[in-house]
Amino acid sequence: MGSLGALLFLLGSLGALADVCEIPHVDSQLVERMGQHLLPWMNQISQEQLNPSIYVGLRLSSVQAGDMEAFYLHSLKLKYQQNILGCTSSDDCKTKLPMGQLALYMLALRANCEFARGHKGDRLVSQLKRFLEDEKKAIGHNHKDYPYVSYYQYGLSILALCVHQKRVHDSVVKKLLYAVEHDQHFYQGTLSVDTEAMAGLAFACLERSNLNPNLRNRITLAIRTAIGKILKTQTSEGHFGHVYSSPLALQFLMTSPMRDMELGTACLKAGAALLAILKDRGFQNVLMISTLLPVLNHKSYVDLISPDCQAPRVVLEPAMEIPSQTQSSDVIRVTLKVPSVLPPYRHVIFVPAGSSLEDVLKKAQELWGFTYGTKATLSGPYLTSVMGKEAGEREFWQLLRAPDTRLLQGIAEYTPKDGETIELRLVSW
Ligand code: B12
């Protein structure tokens, strides 16, 4: 075949692909390199560090961590089962077992082809259902109030119960339907793509499992609405929302059986944009990697309805030790600004080039009268207080690059450039 023939053939096959959501072919070495990032985390089995999302991501991917995987699941079981059996009151359970983490743990069980069964399984299911009921009450009859935790975790919890074929009451699903139908997943005027995608995944599962038959038509319509809204967020580079919301968005869009050229083309473009970032070693965060790995294997959390636990997966070898790079001798200047406290804080901090924002905060704390607090989360250290001021209910310390650009990464991953001003702003969400 001449080169023109080859080009036509390629365009033809792209055309055939482009009416369902698929991403371009991904080089297996790239996938392995991503998977290797997760291996060091699998050795960290302290209660605080355990992350069910890592296990789920690997099981839905084309790579595996050998014996470490079974051991990791075992450690997850110890943690979550101990906590579920050990918690005494509703509040105690909420602290020991946050709703979303419990849901992710249930996804992890399904990823190993297990159903929540027996006494422990029943406790898990009823605890998650109770959380959802509390959230439903918090949202209220007229849907005007907010869930205590978030709509993201609300969707995640419905999804987790659904893949275990556990039915939640129609009234619980209706709250999420209403939120999608009435644009409640917007924050500061922008759609939270992750939240919309998580709701979409929950609906896709409910639609396939037909657990709430009375709501079938509304669910189908809400899936279409969510797809439409996410497609509208595609940036000129191809990301849905931005680079870090694209993986979950793609998981959701891939669940759609809809044949539609706009959807197919948008997914190819988003996939190509992600691959370019991957080649550039752009994904470092374990949670992000664990969300992306299934996408690269054309899978989503909805596949946990009937996971293929025998699917062959390539065993990951630990990455070759790269000799530690000598720290750059360049020093950069970062201005740290906190207008939300009295008196407002502002200081110029000097740190080695390549330092993270967390390094800047530490230096400021060491030398320049700054104080801050963090809590460990599945996404890394989350900034909870600044200069003694704790973020209250539905408030958070937002990270911005002056004058007004919201950072897309947390304090552990964002690396400020020379001359930047970083603002920490207490805002409501
Ligand atoms: C809801 C949400 C929020 C809420 C959290 C409050 C709440 N009660 O839920 C609010 C609006 C406050 C928020 C804030 C931020 N968020 Co946010 N958030 C999410 C979202 C949609 C769901 C998180 C969740 O519930 N996970 C499930 C549960 C089971 O896991 P968890 O670890 O227990 O959840 C906690 C953490 O995720 C934490 N959290 C939320 N956001 C972030 C961001 C970072 C960097 C860290 C370390 C922790 C963290 O809050 C959750 C509840 O306690 C995720 C989307 C996603 N795909 O994860 C984005 C997400 C985690 N957030 C993100 C970002 C960038 C931020 C901010 C840094 C934005 C900013 N410029 O200020 C800030 C955090 C600043 C800080 N103080 O450290 C990014 C992180 C990207 C990355 N590279 O890692 C995500 C992935 C969204 C995205 N696609 O870009 N967020």
Gln184 vs. criteria at pLDDT below 95 and either outside any loop (DSSP other than H, G, I, E, B) or under 17 Å from the mean Cα position of the chain (by Cα) (or both): no
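Conditions (1) surrounded by fewer than 21 Cβ atoms within 10 Å (Cβ to Cβ); (2) more than 16 Å from the ligand (Cβ to nearest atom); (3) in a loop (DSSP other than H, G, I, E, B); (4) touching a residue at least 60 places away in the same chain (Cβ under 8 Å), marked per residue:
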site: Leu215; (1), (2), (3), (4): yes, yes, no, no
site: Ile227; (1), (2), (3), (4): no, yes, no, no
site: Gly238; (1), (2), (3), (4): yes, no, yes, no
site: Gln251; (1), (2), (3), (4): no, no, no, no
Output for region 16-70, where each listed residue is under 25 Å from Cys309 (Cβ atoms) and of a type in the set (Ser, Thr, Tyr): Ser28, Ser53, Tyr55, Ser61, Ser62
Candidate set from region 88-100 (those that are surrounded by fewer than 21 Cβ atoms within 10 Å (Cβ to Cβ) and within 26 Å of Leu176 (Cβ to Cβ)); member that is nearest to the ligand (Cβ to nearest atom): Pro98
Candidates Asp330, Asp280 - the one that is modelled with pLDDT under 95, charged (D, E, K, R) and within 16 Å of the ligand (Cβ to nearest atom): Asp280
Residue in region 53-74 that is polar (S, T, N, Q), in a loop (DSSP other than H, G, I, E, B) and touching a residue at least 24 places away in the same chain (Cβ under 8 Å) present: yes
Long-range neighbours under 7 Å by Cβ, at least six apart or interchain, first residue over 13 Å from Leu400 (Cα atoms) and near the ligand (Cβ under 10 Å from one of its atoms) within region 411-423, second at pLDDT 95 or above and β-branched (Val, Ile, Thr): none
Test: residue in region 258-269 that is modelled with pLDDT under 95, farther than 22 Å from Leu132 by Cβ and touching a Phe, Trp or Tyr at 6+ places or on another chain (Cβ under 9 Å): no
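Please specify each residue of region 142-188 satisfying the condition of being among the small types (Gly, Ala, Ser) and either closer than 13 Å to Leu201 by Cα or more than 10 Å from the ligand (Cβ to nearest atom) (or both).
From region 142-188, those among the small types (Gly, Ala, Ser) are 150, 155, 157, 160, 171, 179; that's our starting set.
Hits for region 142-188 are Gly155, Ser157, Ala160, Ser171, Ala179.
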Out of Glu423, Glu395, sole residue that is closer than 27 Å to Leu97 by Cβ and in contact with a Leu (Cβ under 7 Å, 6 or more places away or on another chain): Glu395
Ala138, sole failed condition from (1) small (Gly, Ala, Ser); (2) more than 29 Å from Gln310 (Cα to Cα); (3) away from the ligand (no atom under 15 Å from the Cβ): (3)
Residue match in region 112-123 (condition: under 22 Å from the mean Cα position of the chain (by Cα) and buried (at least 21 other Cβ atoms within 10 Å of the Cβ)): no
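The values are calculated or read from the model by the stated rules, or taken from the named source; none is laboratory data. Please read these numbers as outputs of a predicted model, since none were measured by experiment. Counting neighbours? That spans all protein chains shown, and the Cβs are built from the backbone with ideal geometry, glycine included.
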